[in-house]
1. Collect the residues in region 206-246 that are part of a loop (DSSP other than H, G, I, E, B) and within 26 Å of residue 287 (Cα to Cα), keeping them in residue-number order.
2. Across region 87-117, what is the number of residues that are in a strand (DSSP E or B) and farther than 16 Å from residue 267 by Cα?
3. Tell me whether region 200-220 contains one or more residues that are modelled with pLDDT of 90 or more and within 17 Å of the chain's Cα centre (by Cα).
4. Checking residue 200 against (1) over 30 Å from residue 105 (Cβ atoms); (2) surrounded by fewer than 19 Cβ atoms within 10 Å (Cβ to Cβ); (3) touching a strand residue (DSSP E or B) at 6+ places or on another chain (Cβ under 9 Å), only one condition comes out false. Which one?
5. Does region 316-326 contain any residue that is closer than 22 Å to residue 172 by Cβ, without any contact (Cβ under 8 Å) to a residue 60 or more places away in the chain and assigned to a helix (DSSP H, G or I)?
6. Looking at residue 333 and the list (1) out of contact with any helix residue (DSSP H, G or I) (no Cβ under 8 Å at 6 or more places or on another chain); (2) part of a loop (DSSP other than H, G, I, E, B); (3) closer than 21 Å to residue 77 by Cβ, which single condition is not satisfied?
7. Within the bounds of region 172-181, is there any residue that is at pLDDT below 95, surrounded by fewer than 20 Cβ atoms within 10 Å (Cβ to Cβ) and touching a helix residue (DSSP H, G or I) at 6+ places or on another chain (Cβ under 6 Å)?
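The values are calculated or read from the model by the stated rules, or taken from the named source; none is laboratory data. Model, not experiment: these values are computed from the prediction. As a convention, Cβ positions derive from the backbone with ideal geometry for all residues, glycine included, and neighbour counts pool all protein chains shown.
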Ligand SMILES: Nc1nc2c(ncn2[C@@H]2O[C@H](COP(=O)(O)OP(=O)(O)OP(=O)(O)O)[C@@H](O)[C@H]2O)c(=O)[nH]1
Ligand SMILES: [Zn+2]
């Protein structure tokens, strides 16, 4: 047999075993070989009536941190520091209610994830829950949301910044704006200065080392979502924060100023002084899809005091309609102009 075929067969067998194990319900201390004897299978059928998690013994259970999430499995770190691959017990999100996210603490036994510990906090997409009442959690147990934006090449992307600001507000997390490539501009444009007012913290950084100490202090001992669009210099920053983090630094394409997708990093990266940064493609794509204008407004802090909608028109989009409560609050100085502009920018993507 040629080699790829043999490899494929091996892989199929491995997967088959894992699946059989998952559905059998027999996940006790029996050695693997005995589990697949006729007796073992009978036993499996009998035990299948019980919920799977019950088949695990207490001493088999271990707490682990989710480092990355894949279609069929997660990479987790046990409390001993050992990293292993752990499989899901549930087949679908309907069955599981919620899948683990990076940063979650889970209970595992024999390479299977039995349960997710309650989350301290999470980064979720702003807006309503899905039909099955699930949130789409992008990262769990985080302390803050830090976004790297470049001031120049690629230019400051308000759409990206708005979405993360909203997500941070929506999830009650501090929002830290990292303005990178500060060496490329002399003065921060007015519009960006306005946006800075919305962030809980802003740090000016560049590849020459400016602001790195401040950034280190801000991230120290905390778990932060640390994301940014391609080409903003995130990998260069990571390399300064975590020596030997092994990230490729790509070149910005001359034609459109966009960076190449070159970052190859783990989703959960420990910082030398304590704390960690989390970034995944899912986080980078964090959207505000399927929001109605009303739902968007409700994600904005301060738009409706105590959640009371008091605009004149029931379908008010707060774009200058008469007797609009949001407009009134802007005039009273309760909502900043910058925040309102951020709302108007996002309103374009709502239905
Ligand atoms: N002038 C200047 N260039 C920078 C700075 N930081 C990064 N760059 C350059 O910007 C380009 C992109 O940097 P990366 O660190 O790869 O950017 P990234 O955000 O990780 O991009 P991906 O790897 O595509 O996700 C590289 O050519 C860097 O040399 C900076 O502070 N100033
Ligand atoms: Zn209104």
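1. Answer for region 206-246, where residues must be part of a loop (DSSP other than H, G, I, E, B) and within 26 Å of residue 287 (Cα to Cα): 222, 229, 230, 231, 232, 233.
2. Result for region 87-117: 11.
3. Yes; the residues of region 200-220 include at least one that is modelled with pLDDT of 90 or more and within 17 Å of the chain's Cα centre (by Cα).
4. Every listed condition holds for residue 200 apart from (1).
5. First, the residues of region 316-326 that are closer than 22 Å to residue 172 by Cβ: 326.
Cutting the leftovers down to without any contact (Cβ under 8 Å) to a residue 60 or more places away in the chain gives us 326.
Those still in the list that are assigned to a helix (DSSP H, G or I) too: 326.
There is at least one residue in region 316-326 that is closer than 22 Å to residue 172 by Cβ, without any contact (Cβ under 8 Å) to a residue 60 or more places away in the chain and assigned to a helix (DSSP H, G or I).
6. Answer for residue 333: the failing condition is (3).
7. Looking through region 172-181, none of the residues is at pLDDT below 95, surrounded by fewer than 20 Cβ atoms within 10 Å (Cβ to Cβ) and touching a helix residue (DSSP H, G or I) at 6+ places or on another chain (Cβ under 6 Å).
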